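A.B. asks: Shown below is the structure under consideration.
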Amino acid sequence: MKTTLFGPRARQRAASLAFIVGFFLLWEAACVVFSISPFVLPRPSAVLVTLVERFPALMPHIIQTLMTTMVGFAAGVLTGVILGAVVGSSRIAYDTAYPLLVGFSSIPKVAVVPIFVLWFGSGTVPAILTSYVICIFPIVVNVATGLATTSPEQQDVLKALGASRREILFNISLPSAMPYLFAALKVAITLAFVGTVLSETVAANRGIGNVMMIATSNFDVPLVFAGLFLLAVMGVVLYGLFSLLERRICGWASRGADTPLA
C-alpha cells in the first residue's frame, strides 16, 4: 500500500511526531512550572542551546563513538552469525556452546571492561571489545532460532533431490532466518552503543562517554543530557537504517504496510 499525503500511514507518522514534540514541550513546561533546578533536570531548550554551541567541539567525540561502535558491532555480527549457524545446525554444538554463551552474557559488562583495560590499556581497543562482546548473544540466539524453525518439509524435499547439508543451509535455512537476523541487528546496535559508552566512561580520553563523564564531574548537567541526546539520535538513525534494509530484503516476511510494525 502506497503512502499518500493524507493516508493512514502519513497520519500515523504525523501522530508519532506530534507525540514526540509534545513530550519535549511537556518536559519544558514541567521544568518551568515546578522550578526544577538545571542541576537536577535541565530544560530541553537549555540542552539544545548547549548542543548547538558545543557541537564543533563534540564532533570528534561523536565520530569516535560512532566508529568504535560500528567496528565492534560489525565484528560482533560476523562472529554471531557464524556461531548462530553452528549452534542452530548442530545439536552437539547447541548443547555445548549455548550454556557457555548464556553464562557469558549473564556477566555484567562493566566487570569485563577493567579486564580489557588490563590486557590492552585504556583507549579505543577496550571500547571496541566491549561493544563486540555485548552484541554477540542476541545475534547468536536469533540466528540459531531462525535456523531451528526452518520448514522440515522444505529440507526433506531438498534431501530427496540430493542436496547436501551445506546446500540446504545456504539455500533454505539461512534465507528463512533473515527476519530473525534483522530483529537481532536492531537490538544489537543499541547494545553496541551501550558497550562503547560504558567503556569510554571508564577508560578512554575521547568519545561521548568520556565527555559525559567529564561533564558530570564539572556539574555540567546540560552537556550530560546533550550527550544522551546524541547517543539516542545515533541509535535511532541506525535502528531506522536496519529497519529499512529489513523491509527491502525481507519484505516477504513483513506483516503488511497498514500495520503498526510495518
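The values are calculated or read from the model by the stated rules, or taken from the named source; none is laboratory data. Note that this is a predicted model, so its numbers are computed, not measured. For neighbour counting, all protein chains shown are included, and Cβ atoms are generated from backbone atoms with ideal geometry for every residue, glycine included. The accessibility values were calculated without ligands, DNA or RNA, using every heavy atom of the protein model including side chains. Shrake-Rupley method; radii C 1.70, N 1.55, O 1.52, S 1.80 Å.
A.B. asks: When the Debye formula is applied to the Cα atoms of region 161-238, each taken as the same point scatterer, what base-10 log of I(q)/I(0) results at q = 0.16, 0.18 Å⁻¹?
C.D. replies: -0.67, -0.76
A.B. asks: Find the accessible area per residue for region 41-248; the probe is 1.4 Å, ligands and nucleic acids are left out, and the unit is Å².
C.D. replies: I get 51 Å² per residue for this part.
A.B. asks: Here is a further query. Efficiency by 1/(1 + (r/R0)^6): what FRET value for S105 and A18, r their Cβ-Cβ distance, R0 = 30 Å, to the nearest 0.05?
C.D. replies: The computed FRET efficiency comes out at 0.20.
A.B. asks: At 0.36 nm per residue, minus the direct Cα-Cα distance, what do D95 and M178 gain on full extension? Give it in nm, one decimal, please.
C.D. replies: 27.6 nm
A.B. asks: Please find the FRET efficiency linking F229 to T149, where r is the Cβ-Cβ separation and R0 is fixed at 41 Å, and quote it to the nearest 0.05.
C.D. replies: Result of the calculation: an efficiency of 0.60.
A.B. asks: Dipole size in debye (nearest 20) for the chain around its Cα centre, Lys and Arg Cβ +1, Asp and Glu Cβ -1?
C.D. replies: Charge dipole of the chain: 460 debye, to the nearest 20.
A.B. asks: A follow-up question, please. Computed FRET efficiency, Cβ-Cβ of A30 and F219, R0 25 Å: what is it to the nearest 0.05?
C.D. replies: Result of the calculation: an efficiency of 0.75.
A.B. asks: How many angstrom separate the Cα center of region 70-130 from the Cα center of region 175-247?
C.D. replies: Cα centres, region 70-130 to region 175-247: 18 Å.
A.B. asks: State which helices in the chain qualify, where a helix is a whole DSSP H run, it must extend 15 Å or more along its own axis by its Cα atoms, and its mean Kyte-Doolittle hydropathy must be at least -0.5.
C.D. replies: Flagged H segments are 8-33, 44-89, 91-105, 124-134, 136-148, 178-203, 221-249.
A.B. asks: Sorted by packing (mean other beta-carbon atoms within 10 Å per residue), highest first, where do 113-121, 224-232 land?
C.D. replies: Peptide ranking by packing, descending: 224-232, 113-121.
A.B. asks: Turning to a different aspect of this structure: When only Cα pairs under 8 Å and 6 or more residues apart are kept, what is the percent relative contact order across region 41-248?
C.D. replies: 30 percent
A.B. asks: Quick one: length gained pulling A10 to V49 fully straight, 0.36 nm per residue minus the C-alpha distance?
C.D. replies: Answer, rounded to one decimal: 11.0 nm.
A.B. asks: Next question, about the same structure. How many percent of the accessible area of region 41-248 is carbon or sulfur, using a 1.4 Å probe?
C.D. replies: The computed percentage sits at 71.
A.B. asks: Ranked highest first by average number of other Cβ atoms within 10 Å, how do 140-149, 83-92 line up?
C.D. replies: Highest-to-lowest ranking by the protection proxy: 140-149, 83-92.
A.B. asks: Using helices alone, what [θ] at 222 nm do you get for the chain, with -39,500 (n - 2.57) per DSSP H run of 4 or more residues, divided over all residues and rounded to the nearest 500?
C.D. replies: Result for the chain, helices only: -25500 deg cm²/dmol.
A.B. asks: Mind checking Rg over Rh on the chain, alpha carbons, Kirkwood formula for Rh?
C.D. replies: Radius of gyration relative to Kirkwood radius: 1.05.
A.B. asks: Using the scaling law 2.2 N^0.38 Å as the reference, what is the normalised Cα Rg of region 1-150?
C.D. replies: Region 1-150 yields a ratio of 1.51.
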